[in-house]
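Below is one structure, written out as structure tokens; the observations come after it.
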Amino acid sequence: MMDWTRLASGIRQGQKHNHLRLLTAPQVASFVLGGALREMVARVPDFSAVVDTRIRLDAETVVEQEHFDMGVTVLPLAHSGLKVEPLCEVEAVAVMHRDHPLAALTQVTVQDLAGHDMVVTHPRSLLRQGLEQHCREAGITPCGRFEASNGVVVCQMAALGLGVALADPFVASSSPAPQMVVRAFAPSISLPYGMFFPSWQPRSGLVEEFAALVAQTARHEAGALKRSLCWRQGAGVT
């Protein structure tokens, strides 16, 4: 017979049978976790999950979140209390309003940015650091006219015609900005994603199965985004 007292207690503590507690950034929730969640529902009819989305995940914040089973984020994420595993890697893209002069290109280079207003991410981001490094090497000073800490907001501002921006392709693809176009960017700025798990608790079979689905989905989506940009370049599509 079902122990209803134990089940109720487990639900209150986030420990319901076939239940997962996930931490991630908003863009990953739709692109990566969405497909894995659908597949788990098909495999495990009573499967359920809580998806806790954070704009930025840092090690200390994650470790303080005691009740979670796994998460997905942009690396690096290092802490002795976390087990981090590589997931997939995507490359930064250039985004802008469809009428922007650089929208006529199928690939935007760092040299193309000279003289154009930019919408930049916060100084600690991999995008900002990669942009500034490439600009230094090319002898260019980027014109960061606007700055935003949220990648979705950066894309939306670029879509309004406020400048060209570099973006995570997952973020760009999930941004509700119909006037925005996405172009390949060179030189490459790699954005590695990883899965992380709390080292203080063992992984259940459910966690292992879901993690495998997340890895499969993430690599498929990353590959699809890359193929889309390569096709656009090869076809000369604007």
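Details
- Residues being within 26 Å of Leu105 (Cβ to Cβ) and touching a helix residue (DSSP H, G or I) at 6+ places or on another chain (Cβ under 9 Å) - total across the stretch 193-223: 2
Residue-by-condition table, conditions (1) on the phi > 0 side of the Ramachandran plot; (2) assigned to a strand (DSSP E or B); (3) modelled with pLDDT under 95; (4) crowded, with 18+ Cβ neighbours inside 10 Å:
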site: Val152; (1), (2), (3), (4): no, no, yes, yes
site: Ala158; (1), (2), (3), (4): no, no, no, yes
site: Phe170; (1), (2), (3), (4): no, no, yes, yes
site: Pro176; (1), (2), (3), (4): no, no, yes, no
site: Tyr193; (1), (2), (3), (4): no, yes, yes, yes
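- The stretch 195-205, subset surrounded by 16 or more Cβ atoms within 10 Å (Cβ to Cβ) and of a type in the set (A, V, I, L, M, F, W, C), residue farthest from Ser228 (Cα to Cα): Phe197
- Filtered residue count, the stretch 182-191, keeping only those that are over 18 Å from the mean Cα position of the chain (by Cα) and either small (Gly, Ala, Ser) or surrounded by 21 or more Cβ atoms within 10 Å (Cβ to Cβ) (or both): 1
- Single residue of the stretch 1-41 satisfying the filter (surrounded by fewer than 18 Cβ atoms within 10 Å (Cβ to Cβ) and polar (S, T, N, Q)) that is modelled with the highest pLDDT: Asn18
- The selection criterion, being in contact with a His (Cβ under 7 Å, 6 or more places away or on another chain) and aliphatic (A, V, I, L, M), does not hold for Val214.
- Within the stretch 93-132, being surrounded by 19 or more Cβ atoms within 10 Å (Cβ to Cβ) and farther than 18 Å from Cys143 by Cβ holds for one residue alone: Val93.
- Subset of the stretch 42-59 that is modelled with pLDDT of 80 or more and acidic (Asp, Glu) - its residue that is surrounded by the fewest Cβ atoms within 10 Å (Cβ to Cβ): Asp46
- Test: residue in the stretch 119-140 that is touching a Lys or Arg at 6+ places or on another chain (Cβ under 6 Å), free of Cβ contacts under 8 Å to residues at least 60 places away in the same chain, of a type outside the set (Ser, Thr, Tyr) and within 17 Å of Val93 (Cβ to Cβ): yes
- Residue in the stretch 135-147 that is buried (at least 17 other Cβ atoms within 10 Å of the Cβ), of a type outside the set (Ser, Thr, Tyr) and under 28 Å from Ala224 (Cβ atoms) present: no
- Only one entry of Ala159, Ala172, Ala184, Ala148 meets the criterion of being touching a Ser or Thr at 6+ places or on another chain (Cβ under 9 Å) and within 13 Å of Val90 (Cα to Cα), and that entry is Ala184.
- Residue count, the stretch 99-115 (criterion: in contact with a helix residue (DSSP H, G or I) (Cβ under 7 Å, 6 or more places away or on another chain) and either farther than 21 Å from Leu229 by Cβ or touching a residue at least 40 places away in the same chain (Cβ under 8 Å) (or both)): 6
- At least 2 residues being touching a Leu at 6+ places or on another chain (Cβ under 7 Å) is the threshold, and among the strands (runs of 3 or more DSSP E) wholly inside the stretch 63-116 those reaching it are 70-74, 82-91, 93-97.
The values are calculated or read from the model by the stated rules, or taken from the named source; none is laboratory data. These numbers were taken from a predicted model, which means no experiment stands behind them. Positions of Cβ are backbone-derived with ideal geometry, glycine not excepted, and every protein chain shown enters the neighbour counts.
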